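The values are calculated or read from the model by the stated rules, or taken from the named source; none is laboratory data. If you're wondering where the values come from, they're calculated on a predicted model, not measured in any experiment. Glycine gets a Cβ as well: all are built from the backbone with ideal geometry, and neighbour counts include every protein chain shown. What goes into the accessible areas is simple: the full protein's heavy atoms, side chains included, and nothing from ligands, DNA or RNA. Shrake-Rupley method; radii C 1.70, N 1.55, O 1.52, S 1.80 Å.
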Amino acid sequence: MEQTLLIYNTLTRKKEAFKSINPGHVGMYVCGPTVYGDAHLGHARPAITFDILYRYLQHLGYKVRYVRNITDVGHLEHDADEGEDKIAKKARMEQLEPMEIAGYYTRRFNSAMEKLNVLPPSIEPHATGHIIEQQQLVRQIIDNGYAYVSNGSVYFDIEKYDKDFKYGILSGRSLENVKDASRDTLAGVGEKRNQADFALWKKAQPEHIMRWPWLMGNGEIGEGFPGWHCECTAMGRKYLGEEFDIHGGGMDLVFPHHECEIAQAQAAMGHQAVRYWMHNNMITINGQKMGKSYNNFITLNQFFTGNHELLTKAFSPMTIRFFILSAHYRGTVDFSSEALEAAEKGLARLMQGLKDLRRIQPAKGSTPEVTAFIGNLEQALYDAMNDDLQTPIVISQLFEACHQVNLLVDRKAKIGSADLERLSKIMHLWTEDLLGLSAGDAQQSAGGAMDKVMQMVLDMRAKAKADKDWATSDKIRDDLNEAGIIVKDTPDGAVWSL
């Protein structure tokens with residue numbers, strides 16, 4: 001069936017029908033992590049959000065080139081032009097080479113993403129591997145008159161740019177607002193023409209470890225490193241072209257990072273590079289953004305092990321994924337251990353629904369309401385996803401499908417073979433392939449052993465019932481119930497669920 005995907009474009013502040021620049025192909029760039037520490041829940045949200053988009057675009061038939069970068073140089077402590085490089089600082093503290101730090105945390109990030117069932121991007125470029133491309137971008141901006149060299153560094157001339165284009169179109173900030181904020185935060189920076197100007201290339205101080213030679217505008221070779229904003233503009237252009245479809249990231253990147261990216265692209269090429277800007281909202285703890293700068297984060301590994309004072313227990317990667325998908329990507333999500341426990345139960349309900357599908361015995365034909373439900377279910381799922389990735393509604397529709405499965409298991413409705421096959425395909429497609437939710441290999445293995453043990457227990461209970469030993473039969477059922485296992489008697493025999 002023909003599908004029209006609507007996505008919210010931060011640039012235009014409205015939902016727009018998605019239409020790729022090149023028919024059948026999508027270029028998508030998403031800002032990846034700065035690798036100087038372990039990934040936390042705030043990193044998981046954009047990774048999962050754009051993993052859903054990646055999966056769905058492919059399902060719709062697009063060939064997607066998905067680029068997600070690794071920032072391993074240039075991201076300074078204050079997200080502006082002051083302070084120490086975050087990776088270099090970590091390397092100095094731990095007495096390691098910066099690339100040891102970057103390599104170690106990149107591997108841990110990708111390991112966490114694999115556990116969360118986040119598909120790897122098509123290309124994962126590193127900033128340090130694209131210094132030449134960033135230098136070429138900076139040279140182009142200088143040549144076009146929108147940057148200047150000062151004391152060995154290169155700065156973007158925001159006032160000049162604002163006269164010819166418009167600075168602040170993504171964030172809605174005026175140049176005067178940016179200037180006022182810059183006066184307060186960067187009052188001591190004297191080598192800029194305007195305190196709101198941002199660095200394209202920073203001169204390396206003698207103690208700075210990460211540095212590259214570059215021919216400056218005055219003909220001298222100076223050593224330095226690229227500004228934080230350059231890498232995404234340069235690498236996006238290299239792998240996706242001068243114009244591409246989607247650029248994504250967290251809402252905290254709208255300003256200054258993505259605003260500066262837009263300015264750099266227009267200053268270099270004379271036009272914007274990105275058609276749709278998409279941003280997920282934040283994970284919060286007690287209403288405050290979760291992040292390393294706030295020192296209130298919980299790493300993904302701590303969630304998986306339960307090793308944190310705010311956690312009541314360990315939570316599986318799929319529980320984390322379900323928790324994030326239970327809210328729309330543009331809404332805030334406030335963390336609590338109770339919310340994760342609720343997500344764990346919701347995930348178990350979905351997995352049980354998929355499991356129960358295998359127990360349904362098809363009839364010669366379907367109850368009319370069942371056939372109608374299946375037809376409506378498929379359209380409702382597409383309607384939800386096409387409406388700017390409404391994953392909470394997708395989950396609620398799948399819960400309705402689980403309820404229908406329960407009716408079929410209890411023989412309160414009938415379903416024919418064709419309808420059962422269609423229902424099974426729909427539920428597996430949307431739960432596993434599109435939402436990316438699964439029991440996981442380890443859990444499936446454990447689940448198989450659990451199935452065998454439970455079948456032995458249920459056989460013992462069935463024998464007790466056959467012998468009219470009702471006390472033993474009831475005791476087995478009640479003891480299992482106390483352990484969190486529900487036993488239900490059906491026309492096909494007893495069944496169990498967690």
Estimated FRET transfer efficiency (Asp474, Ser337; beta-carbon r; R0 45 Å; 0.05): 0.85
With -39,500 (n - 2.57) per DSSP H segment of 4 or more residues and division by the full residue count of the chain, the 222 nm estimate, nearest 500 deg cm²/dmol, is -14500 deg cm²/dmol
Evaluate the distance, in nm, between pseudo-label points positioned 7 Å from the Cα of Lys345 and of Glu84 along their respective Cα→Cβ axes. 4.7 nm
Counting only protein chains, not ligands or nucleic acids, how are Tyr105, Tyr29 ordered by accessible area (probe 1.4 Å), most first? Tyr105, Tyr29
Those trypsin sites (Lys or Arg not before Pro) in region 293-389 that DSSP places in a loop and that have at most 13 other beta carbons within 10 Å: Lys313, Arg358, Arg359, Lys364
What angle do you read, to the nearest 10 degrees and between 0 and 90, between the alpha-carbon axis of helix 417-428 and the longest principal axis of the chain? 40 degrees
Residues with amide H under 5 Å from that of Asn9, placed H, sequence gap 5 or more: Lys14, Lys15, Glu16
Given a 1.4 angstrom probe, I'd like the percentage of the accessible area of the chain that is carbon and sulfur, rounded to a whole number. 49 percent
For the chain, what Kirkwood radius comes out of the mean inverse Cα-Cα distance, in Å? 25.5 Å
Select from Tyr161, Gly306, Gly74 the residue farthest towards the positive end of the dipole of the chain; place +1 on Cβ of Lys and Arg, -1 on Cβ of Asp and Glu, and compute about the Cα centre. Gly306
Can you tell me the orientation of helix 98-115 relative to the chain, as the angle in degrees between its alpha-carbon axis and the longest Cα principal axis, to the nearest 10? 30 degrees
Helix 391-409 sits off the longest principal axis of the Cα atoms of the chain, rounded to the nearest 10 on a 0 to 90 degree scale, by 10 degrees
Projecting the Cα atoms of Gly353, Pro98, Leu6 onto the charge dipole of the chain, where Lys and Arg contribute +1 and Asp and Glu -1 at Cβ, the residue farthest towards the positive end is Gly353
Grab the beta carbon distance between Asp459 and Ile169, set R0 = 60 Å, and tell me the FRET efficiency rounded to 0.05. 0.30
In whole angstrom, and with the biggest value first, how far do the Cα coordinates of region 244-317 range along each principal axis? 53, 23, 17
State to the nearest 20 debye the size of the charge dipole of region 1-118 about its Cα centre, where the only charges are +1 on K and R beta carbons and -1 on D and E beta carbons. 700 debye
Can you work out the accessible area per residue across the chain, with the rest of the protein chains kept in place, probe 1.4 Å, in square angstrom? 45 Å²
Near Lys345, which lysines are there with a Cα under 26 Å away, not counting those fewer than 8 places off in the same chain? Lys115, Lys289, Lys313, Lys355, Lys412, Lys425, Lys452, Lys475, Lys488
Mean Cβ-within-10 Å packing, highest first, puts peptides 281-289, 54-62 in the order 54-62, 281-289
Using unit Cβ charges (K, R positive; D, E negative) and no other charged atoms, how large, in debye to the nearest 20, is the dipole of the chain about its Cα centre? 1020 debye
Can you give the percent of C-alpha pairs in region 1-140 whose distance is more than 20 Å? 57 percent
Sorted from largest to smallest, which semi-axis lengths in Å does the alpha carbon gyration tensor of region 194-342 give for its equivalent ellipsoid, taking the root of 5 times each eigenvalue? 38, 21, 13
The percentage of Cα-Cα pairs in region 28-108 separated by more than 14 Å is 67 percent
Which whole-number percent gives the relative contact order of region 208-330, counting Cα pairs below 8 Å spaced six or more residues apart? 17 percent
What percent does the relative contact order of the chain come to when contacts are Cα pairs within less than 8 Å and at least six residues apart? 15 percent
Over region 1-72, what is the mean sequence separation of C-alpha contacts under 8 Å (at least six apart), divided by residue count, expressed as relative contact order in percent? 38 percent
